[in-house]
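Working notes, beginning with the structure itself.
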There are 2 protein chains.
Amino acid sequence: MENDELVQNMLLELRRGTLSIAVLSQLSMEEYGYSLLKALSEKGLEVDQSTLYPLLRRLESQGLLQSDWRVVDDARPRRYYVISAQGKTVLAKLKKEWSAMTETIQKMLS
Amino acid sequence: MENDELVQNMLLELRRGTLSIAVLSQLSMEEYGYSLLKALSEKGLEVDQSTLYPLLRRLESQGLLQSDWRVVDDARPRRYYVISAQGKTVLAKLKKEWSAMTETIQKMLS
DNA sequence: TTGACATACTGTACGATATACAGTAATATA
DNA sequence: TATATTACTGTATATCGTACAGTATGTCAA
């Protein structure tokens with residue numbers, strides 16, 4: 001593997017899991033896939049459709065999100081997602097651990 | 001999957017990749033597997049042997065670490081690892097991206 | 001002196017996720 | 001009316017952290 005490809009791959013591994021937290025934290029307000037994609041992008045988290053949509057489905061199948069089809073203003077139907085009660089519990093735990101972990105690593109890097 | 005198991009699993013995914021950074025950053029000084037294990041543990045990063053040893057081998061096979069067997073003080077031979085020139089370059093890039101990423105996520109969580 | 005525990009490593013298999021790739025289709029706009 | 005954007009579904013793949021199994025030496029207390 002080439003040097004740059006190696007770095008890209010390690011960054012991918014670094015990102016793993018963070019997207020789940022990001023998505024859960026954003027879905028206290030209802031959003032559909034595409035609007036969420038744009039919202040994350042605005043906050044500096046560039047995500048591909050092929051990453052986000054499977055993630056939303058997985059989080060819902062795990063009971064952390066709820067969704068339903070809805071038609072707003074005669075536009076095409078959209079699947080709206082929102083965090084579930086279980087999702088809130090899980091998010092709280094993840095936040096806590098995430099803070100502890102980043103702090104530990106930060107100390108090592110500096 | 002149960003709630004707690006789910007959280008554990010998500011934390012596992014969150015940790016992914018961070019260990020690589022941690023190890024690279026610690027190996028500016030030579031260490032062998034076991035001493036590194038203890039050093040990481042002292043800094044708050046609990047790692048299993050079955051995680052660290054395969055990682056060291058992988059990082060070496062990727063050219064980011066160098067190692068050699070050595071006998072010190074008549075003790076049993078140990079494999080000493082140290083970061084390579086390529087490893088230093090990669091680490092610098094990873095550090096930069098890691099900072100940017102954690103900052104982005106941190107903003108979302110707060 | 002022997003049994004337990006810490007030290008120090010190798011090897012292989014597996015599961016979960018992020019991404020890639022492919023496809024469908026409606027809506028806006030130029 | 002052609003093209004870009006919006007908005008999704010479905011499946012396959014590579015990678016890593018971990019689990020599990022195994023080998024073997026050094027140390028220290030009972």
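The values are calculated or read from the model by the stated rules, or taken from the named source; none is laboratory data. In this text the structure is predicted, and so the values were computed from the model without any measurement. Cβ placement follows ideal geometry from the backbone for every residue including glycine, while neighbour counts extend to all protein chains displayed. What goes into the accessible areas is simple: the full protein's heavy atoms, side chains included, and nothing from ligands, DNA or RNA. Shrake-Rupley method; radii C 1.70, N 1.55, O 1.52, S 1.80 Å.
Evaluation of B:Ala39 against the conditions (1) in contact with a strand residue (DSSP E or B) (Cβ under 7 Å, 6 or more places away or on another chain); (2) among the hydrophobic types (A, V, I, L, M, F, W, C); (3) over 24 Å from A:Lys107 (Cα atoms) shows that the sole unmet condition is (3). Say we look at segment A:98-110 and pick out the residues that are open to solvent by 80 Å² or more (accessible area, probe 1.4 Å) and at pLDDT 90 or above; which of these is nearest to A:Gly17 (Cα to Cα)? My answer is A:Glu103.
Just the residues that are open to solvent by 50 Å² or more (accessible area, probe 1.4 Å), more than 13 Å from A:Lys95 (Cβ to Cβ) and either under 11 Å from the mean Cα position of the chain (by Cα) or more than 7 Å from chain B (Cβ to nearest Cβ) (or both), please, taken from segment A:2-35. Scanning segment A:2-35 gives A:Glu2, A:Asp4, A:Glu5, A:Gln8, A:Asn9, A:Leu12, A:Arg15, A:Arg16, A:Met29, A:Glu30, A:Tyr32, A:Tyr34. Pairing residues of segment B:44-62 that are within 11 Å of another protein chain (Cβ to nearest Cβ) with residues that are among the β-branched types (Val, Ile, Thr) and more than 6 Å from DNA strand D (Cβ to nearest atom), at Cβ distances under 6 Å and at least 6 apart in sequence or on separate chains, gives B:Gly44/A:Thr104; B:Leu45/A:Thr104. Among the residues of segment A:53-75 satisfying the criterion of being near DNA strand D (Cβ under 9 Å from one of its atoms) and in contact with a helix residue (DSSP H, G or I) (Cβ under 9 Å, 6 or more places away or on another chain), which is nearest to A:Ile21 (Cα to Cα)? Per the criteria, the residue is A:Leu56.
Can you find a residue that is surrounded by fewer than 18 Cβ atoms within 10 Å (Cβ to Cβ), at negative phi and more than 18 Å from the chain's Cα centre (by Cα) anywhere in segment A:36-59? For segment A:36-59, residues surrounded by fewer than 18 Cβ atoms within 10 Å (Cβ to Cβ), at negative phi and more than 18 Å from the chain's Cα centre (by Cα): absent.
Please determine whether any residue of segment B:72-93 is at pLDDT 90 or above, surrounded by fewer than 17 Cβ atoms within 10 Å (Cβ to Cβ), within 11 Å of DNA strand C (Cβ to nearest atom) and over 30 Å from A:Glu60 (Cβ atoms). The answer is yes; a qualifying residue exists. So which of B:Ser99, B:Ser110 is within 10 Å of chain A (Cβ to nearest Cβ), free of Cβ contacts under 8 Å to residues at least 12 places away in the same chain and over 20 Å from A:Leu11 (Cβ atoms)? Testing whether each residue is within 10 Å of chain A (Cβ to nearest Cβ), free of Cβ contacts under 8 Å to residues at least 12 places away in the same chain and over 20 Å from A:Leu11 (Cβ atoms) leaves just B:Ser110.
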